[in-house]
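Nothing in this text is a laboratory measurement; each read-out follows from the coordinates by a stated rule. Note that this is a predicted model, so its numbers are computed, not measured. Cβ coordinates were reconstructed from backbone atoms using ideal geometry, including for glycine residues, and neighbour counts include every protein chain displayed.
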Amino acid sequence: MSKPPRKYSTHPPPPPSLSSLPDEIVLRCLALVPRSNHLSLSLVSKSLRSLVRSPELNGLRSIRHKSSLYVCLRKSYNYLNIHWFTLRPSEKTATAAMEYRLVPNPTPFPPHKYGSSTVVVGSNVFFIGGSGQRSSDLWILDTRSGNMTQGPSMSVPREKDELAVGVIDGKIYVIGGGGRNFPEERFIEEIQVEVFDPKSETWELVGMENVRKTSRCSASVERNVYMVEYEEINVYNPRERERERMVRMVSQRLEKGGRKDMLNDSAFLVCVVEDVLYAFFNRTGIMWFSTKLNVWRRLLGRDGKELPFILRADAMAEYDDGRLVVLYMSHKVEFDHTVTNSVQCMLVSLHRAGDMICGTIDWAGILGTVPFPVDFLHCLAVSD
């Protein structure tokens, strides 16, 4: 009597899970995951939660993420008194918690045109256009050597207060800033868009776009340039056909219960942290933009409560390890009527849980004091 044929399963074997891999390999994988997703990962299992919170992961991230935060300060009303600093942590001891301070930049940077728009590609800072008057100049600062060189000029002179810039696929897109082509009463204006390729060091005029206005509050998110204005956002997508690249959206905020309301507020600053757009609004404070829902959402703590509100912010940027850094000046009148001017800092860890992003203030304090008022010119995260 013959044996019945053996039955083979048609289902493929389950893929190996992370728990079946050595911790060393899992840690290297986790080091590639944005810091904001660590909270969601810690909810998967106890072993992952342990690895996410381990000092070994922080060590691997510090090796992979190597950048410096450059802060440029200018003595108020003195265009020539300009100083560059870097944000540095102090040495942590058994009795003292981690502190941060502004350290004078060891590599002296040459003077640059005051008030130009700035953007970073790698370790280079690009100063674009002019301030107060239009300019077609491009200056390039190599932060590693401290050398400043003049790049090729734009075809259109542009001015900072009407200029938007963004980096997409390593190329610099410059939008607007060339002045209005129509009388002031016209609602729509036509602007020229240029793109600069740092590798070939060439400019290219990529087309004309119709837009209500451009904003210097601009940043690149998901390979688009977002321009944040009062009550509206313009989004430039270079992959669309000409005349269809610019999309205007009304600014809305997401309230409790999923209700959308108009956001009647002005953004002073914008920055991007791990491909998420953050902005500091005049009355609302820090908010982040959901590209999935096209709405602004308030940055809340992990307990659902609002973060401590600050009246103003002078600079915002991404810190080296995927945190949000907010800088602002404070002024204190002493008993002898002298005024102490302090550079204040707030470091915020960001955590993504589903469609939500929560913030935790890791550190807040004074980075340094100066005997005279200063203005923030630039706050830039630059690759080392």
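What to note about this one:
- Take every pair of alpha-carbon atoms less than 8 Å apart whose residues are at least six positions apart; their mean separation over the length of segment 65-383 yields a relative contact order of 15 percent.
- Extending 7 Å from the Cα toward the beta-carbon at both residue 232 and residue 260 defines two label points whose distance is 1.7 nm.
- Take each peptide in 244-257, 261-274, count the other Cβ atoms within 10 Å of every residue, and average; sorted highest first, the result is 261-274, 244-257.
- Each of 288, 84 was scored by other Cβ atoms within 10 Å of its Cβ. Listed from fewest to most, they are 288, 84.
- Ranking of 298, 283 by neighbouring Cβ atoms within 10 Å, starting from the fewest: 283, 298.
- For residue 364, net neighbour charge (Lys/Arg +1, Asp/Glu -1) across residues whose Cβ lies under 14 Å away: 0
- HN-Hα J in Hz across segment 284-300 - Karplus 6.51, -1.76, 1.60, θ = phi - 60°, x for Gly and Pro: 9, x, 7, 9, 10, 9, 8, 6, 6, 9, 6, 9, 8, 10, 6, 7, 10
- Two-site FRET efficiency, residue 50 against residue 384, from Cβ-Cβ distance with R₀ of 25 Å, rounded to 0.05: 0.25
- Exposure proxy order (Cβ contacts within 10 Å, fewest to most) of 208, 316, 329: 208, 329, 316
- Packing-based ranking of 165-173, 148-156 yields 165-173, 148-156, ordered from highest to lowest mean Cβ neighbour count within 10 Å.
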